[in-house]
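Just below is one structure, and these are the notes that go with it.
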Amino acid sequence: AREAAFQAQKMEAIGQLTGGVAHDFNNLLMAILGSLDLLRKRLPSEARTDRLIDNASQAAQRGASLIQRMLAFARRQALTLTPVDVAALIEGMSELLDHSLGGAVKVRTEFPTALRPVLADPNQLELAVLNLAVNARDAMPIGGEVVIAGREENLSKPRGALPPGPYVLLSVSDTGTGMDKGTLARATEPFFTTKGVGKGTGLGLSMVQGTVEQLGGALLIDSAEGLGTTIELWLPVAAATDVTPDEPLKAPVLAEV
Ligand code: ADP
């Protein structure tokens with residue numbers, strides 16, 4: 001199960017990186033093409049320079065069309081959104097979590113009240129929780145308890161990027177090392193890791209954040225050095241009209257490019 005989760009994580013990372021990098025790359029190519037156009041206008045026309053500029057311009061255009069194809073590919077990997085009962089999802093992960101975390105770290109769940117469903121891809125959400133739980137374990141080298149808790153929160157005014165409304169607040173807490181200021185500032189950056197070569201990919205938190213933001217939610221970090229860390233996933237409660245779809249809703253991985 002661990003290997004499968006790792007592979008799925010890798011594929012998802014590649015998809016997201018393709019999207020993000022392709023977008024930046026496209027902007028660069030557009031800047032190159034624009035500059036070449038200006039050069040063409042400003043330099044006195046001469047057969048040899050004209051040909052060099054044409055070559056450069058054609059290469060940049062080929063690059064741009066390659067990027068368009070990569071983006072089209074990334075967009076095809078659609079998410080399957082369906083109403084998810086977060087407490088049931090976590091319940092269903094108990095074996096996977098025990099297995100993935102090992103003996104010294106125990107998982108406790110706290111879902112005091114029934115939660116309304118959120119619209120999510122259940123596999124992606126599981127992967128997100130697994131990532132957070134593994135980070136929590138890594139932060140507690142001598143063992144301890146990971147608490148996975150869920151409750152509903154109603155925002156009456158915007159909080160950061162979150163619009164007002166009802167949310168399921170799913171949190172994963174540990175009593176581990178916590179993060180220093182520098183780590184906290186960079187924790188969700190792709191490829192940022194403090195775990196050393198071959199141990200961390202630095203993709204976990206950035207992917208979890210990507211997953212949650214795709215659902216219209218947010219990832220918040222509360223961490224104190226030496227005390228522990230809580231990662232909060234704010235997930236919008238599904239609208240009543242979303243709850244009984246005839247078919248799962250499809251949303252593109254890259255909403256806009
Ligand atoms: P990775 O786990 O591969 O390093 P992540 O993106 O998941 O990549 O995490 C980035 C960094 O954030 C970690 O290397 C670690 O320094 C820090 N971090 C993440 N979760 C925790 C946690 N629960 N406690 C302390 N530090 C954490």
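Is it fair to say residue 114 is over 19 Å from residue 209 (Cβ atoms), of a type in the set (A, V, I, L, M) and surrounded by fewer than 17 Cβ atoms within 10 Å (Cβ to Cβ)?
yes
Give the number of residues within region 140-158 that are surrounded by 13 or more Cβ atoms within 10 Å (Cβ to Cβ) and under 18 Å from residue 168 (Cβ atoms).
8
Which of the numbered conditions does residue 142 fail, given that it passes all the others? Conditions: (1) farther than 27 Å from residue 89 by Cα; (2) within 12 Å of the ligand (Cβ to nearest atom); (3) in contact (Cβ under 8 Å) with a residue 24 or more places away in the chain.
Residue 142 satisfies every listed condition except (2).
Exactly one of (1) modelled with pLDDT under 95; (2) within 25 Å of residue 106 (Cα to Cα) is unmet by residue 253. Its number?
Residue 253 satisfies every listed condition except (2).
Checking the condition of a type in the set (A, V, I, L, M, F, W, C), modelled with pLDDT of 90 or more and over 23 Å from residue 82 (Cα atoms), which residue from 215, 184, 170 passes?
184
Going by the conditions given, is residue 148 in a strand (DSSP E or B) and either within 16 Å of the ligand (Cβ to nearest atom) or over 14 Å from residue 236 (Cα atoms) (or both)?
yes
Within region 175-223, take every residue that is in a loop (DSSP other than H, G, I, E, B) and hydroxyl-bearing (Ser, Thr, Tyr) and give me the one that is farthest from the ligand (Cβ to nearest atom). Break it down into steps so the answer makes sense when it comes.
Filtering region 175-223 for residues in a loop (DSSP other than H, G, I, E, B) gives 175-180, 187-203, 215-217.
Add one more test, that the residue is hydroxyl-bearing (Ser, Thr, Tyr), and what stays is 175, 177, 188, 193-194, 201.
Numbers: 175: 10, 177: 5, 188: 7, 193: 3, 194: 3, 201: 4 Å.
Applying the filter and picking the extreme gives 175.
For residues in region 164-217 being under 16 Å from residue 131 (Cβ atoms) and touching a Gly at 6+ places or on another chain (Cβ under 6 Å), which is surrounded by the fewest Cβ atoms within 10 Å (Cβ to Cβ)?
Among them, the one singled out is 191.
Name the one entry in 133, 114, 120, 149 that is of a type in the set (A, V, I, L, M, F, W, C), touching a Leu at 6+ places or on another chain (Cβ under 6 Å) and without any contact (Cβ under 8 Å) to a residue 60 or more places away in the chain.
133
The values are calculated or read from the model by the stated rules, or taken from the named source; none is laboratory data. What you are looking at is a predicted structure, and each value in this text was computed from that prediction instead of being measured. In this analysis, Cβ positions are derived from the backbone assuming ideal geometry, glycine residues included, and neighbour counts consider all displayed protein chains.
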